[in-house]
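These notes are about the structure you will find just below.
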Amino acid sequence: MRAVIFGASGLLGRSVMDAFGDMTVTGTAFSRSASPLVAVDATSADAIARLLGRVRPDVVVNCVGERRPAVWAAAPDRARAGNVDAARLIAEGAHGCGARLVHISSDYVFDGTAPPYRPDRLPNPLNAYGRWKLLAEHAVHAACPDAAILRLPVLYGPVRFAAETNLTEIARQVGAGAPVELDDVCVRYPTHVDEAAGVCRRLAGALLQGQRLGSVAHWSAEQGLTKYRMALLIARRFHLPAGHVRAGAADAVSGDRPVDCHLDCQDLPAALGPVRRRLFDIEFPPAVDPWLTTSGPAAGRRKDAS
Ligand SMILES: NC(=O)c1ccc[n+]([C@@H]2O[C@H](COP(=O)([O-])OP(=O)(O)OC[C@H]3O[C@@H](n4cnc5c(N)ncnc54)[C@H](OP(=O)(O)O)[C@@H]3O)[C@@H](O)[C@H]2O)c1
């Protein structure tokens, strides 16, 4: 079996590459295209067609996205293209070459006012990113009707720069000791990226076996935490002072961040069988440990990270 993973240089794409290790996998990148990843601009239909024509994959996973708020604000056209146009073009490419498609979407398609959200609940995104993810879902569905769309909440796991996840950015703030206010209203469900990638692999396997799953699936951890609560957990676990961290409501009062998008995920285990859960309390320490100092590991920060 052959798989193409678009967006394989990113947080989720790297784990998805590992999860598809039993297949012959080709991963793509854009600005970070070090070998063995292949450089592909996912906003170019020709570039996608060339790659898919050469590899002739059985399955395609789309982990391309632009989720950095600084880019949404500074370069909205680029962010829209990376989220919407790329999704449509990859879906058209997958459909054209007869591959099964798993497309990654987000819990931000919901407004967060009435959790938990089943996959068939009506989306109502509050911000541009959520609207783009929803437009992408519609485009994928139109171009590739049998694609599986997997909505995920905020992810954490091994990172290459502190701002790659909220959790590691919070760890940096806890470790830095400078006064900081963190939202204590909006509830997030940080999900380990390897767990999400494993679900993605199982979903692809089910699609390849012709299992009918419904077009949208949800996966999420069950433990809800605000950013402030995450900071307190980090401080307690590493015996660090937390007096400089104050509880605030900035995300909630902004009006464009959903308060609680808890995804109802009952359908997936029912369709795929039991999924091993990674518990946040056990999994978060190794993810944040290297980032508790202001400098972080030698790799440092990605220049354009928000
Ligand atoms: N991270 C989360 O908390 C989270 C939560 C829910 C849903 N999601 C969704 O999951 C997916 C993956 O997210 P992620 O966290 O892994 O994002 P990420 O770390 O920012 O990675 C994004 C990937 O997309 C690639 N990319 C961006 N623009 C591209 C373009 N024009 N052409 C080709 N590739 C392009 C990037 O390539 P280069 O880096 O090489 O440029 C990178 O491989 C996205 O759809 C995101 O919306 C993420």
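The values are calculated or read from the model by the stated rules, or taken from the named source; none is laboratory data. All values reported here derive from a predicted model rather than from experimental measurement. Cβ coordinates were reconstructed from backbone atoms using ideal geometry, including for glycine residues, and neighbour counts include every protein chain displayed.
Is it the case, given these coordinates, that VAL140 is in contact (Cβ under 8 Å) with a residue 40 or more places away in the chain, within 13 Å of the ligand (Cβ to nearest atom), buried (at least 23 other Cβ atoms within 10 Å of the Cβ) and assigned to a loop (DSSP other than H, G, I, E, B)? Walk me through how you get there before you give the answer.
Numbers: in contact (Cβ under 8 Å) with a residue 40 or more places away in the chain: yes; within 13 Å of the ligand (Cβ to nearest atom): yes; buried (at least 23 other Cβ atoms within 10 Å of the Cβ): yes; assigned to a loop (DSSP other than H, G, I, E, B): no.
Spelling it out, it is not the case that VAL140 is in contact (Cβ under 8 Å) with a residue 40 or more places away in the chain, within 13 Å of the ligand (Cβ to nearest atom), buried (at least 23 other Cβ atoms within 10 Å of the Cβ) and assigned to a loop (DSSP other than H, G, I, E, B).
For the stretch 119-137, filtering for residues that are free of Cβ contacts under 8 Å to residues at least 12 places away in the same chain and within 13 Å of the ligand (Cβ to nearest atom) leaves 1.
The listed residues are ALA8, ALA34, ALA3, and the only one of them that is in contact with a strand residue (DSSP E or B) (Cβ under 7 Å, 6 or more places away or on another chain), part of a loop (DSSP other than H, G, I, E, B) and of a type outside the set (Phe, Trp, Tyr) turns out to be ALA8.
Output the residues belonging to the stretch 1-34 that are within 10 Å of the ligand (Cβ to nearest atom) and of a type in the set (Ser, Thr, Tyr).
The answer is SER9, SER15, THR28, SER31, SER33.
For the stretch 182-193, the criterion of a residue being hydrophobic (A, V, I, L, M, F, W, C), within 11 Å of the chain's Cα centre (by Cα) and part of a helix (DSSP H, G or I) is satisfied by at least one position.
Reported count of residues in the stretch 97-118, each being surrounded by fewer than 21 Cβ atoms within 10 Å (Cβ to Cβ) and within 15 Å of the ligand (Cβ to nearest atom), is 0.
Just for the stretch 35-47: of the residues that are more than 9 Å from the ligand (Cβ to nearest atom) and among the hydrophobic types (A, V, I, L, M, F, W, C), which one is farthest from MET17 (Cα to Cα)? Per the stated criteria, the residue is ALA45. Are any of the residues in the stretch 153-160 more than 12 Å from LEU11 (Cβ to Cβ), near the ligand (Cβ under 9 Å from one of its atoms), not in a helix (DSSP H, G or I) and not charged (D, E, K, R)? Yes; the residues of the stretch 153-160 include at least one that is more than 12 Å from LEU11 (Cβ to Cβ), near the ligand (Cβ under 9 Å from one of its atoms), not in a helix (DSSP H, G or I) and not charged (D, E, K, R).
Conditions tested, residue by residue: (1) at pLDDT below 95; (2) touching a helix residue (DSSP H, G or I) at 6+ places or on another chain (Cβ under 7 Å); (3) outside any helix (DSSP H, G or I).
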{"position": "TRP72", "(1), (2), (3)": "yes, yes, no"}
{"position": "ASP77", "(1), (2), (3)": "yes, no, no"}
{"position": "ALA81", "(1), (2), (3)": "no, no, no"}
{"position": "ARG88", "(1), (2), (3)": "no, yes, no"}
{"position": "GLU92", "(1), (2), (3)": "no, yes, no"}
{"position": "HIS95", "(1), (2), (3)": "no, yes, no"}
{"position": "TYR108", "(1), (2), (3)": "no, yes, no"}
{"position": "GLY112", "(1), (2), (3)": "no, no, yes"}
{"position": "PRO115", "(1), (2), (3)": "no, no, yes"}
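Residues in the stretch 48-67 that are of a type in the set (Lys, Arg) and near the ligand (Cβ under 8 Å from one of its atoms): ARG67 only. Taking residues in the stretch 221-239 that are at pLDDT 95 or above, and partners anywhere that are in a helix (DSSP H, G or I) and surrounded by fewer than 17 Cβ atoms within 10 Å (Cβ to Cβ), the pairs with Cβ atoms closer than 8 Å and at least 6 places apart or on different chains are GLN223/ASP281; LYS227/ASN166; MET230/ASN166; LEU233/ASP281; ARG237/PRO285; PHE238/PRO285; PHE238/ASP289. Checking the conditions here, which among ARG54, ARG68 is of a type outside the set (A, V, I, L, M, F, W, C), more than 19 Å from the chain's Cα centre (by Cα) and surrounded by fewer than 24 Cβ atoms within 10 Å (Cβ to Cβ)? Step by step, each of ARG54, ARG68 is checked, and only ARG54 is of a type outside the set (A, V, I, L, M, F, W, C), more than 19 Å from the chain's Cα centre (by Cα) and surrounded by fewer than 24 Cβ atoms within 10 Å (Cβ to Cβ).
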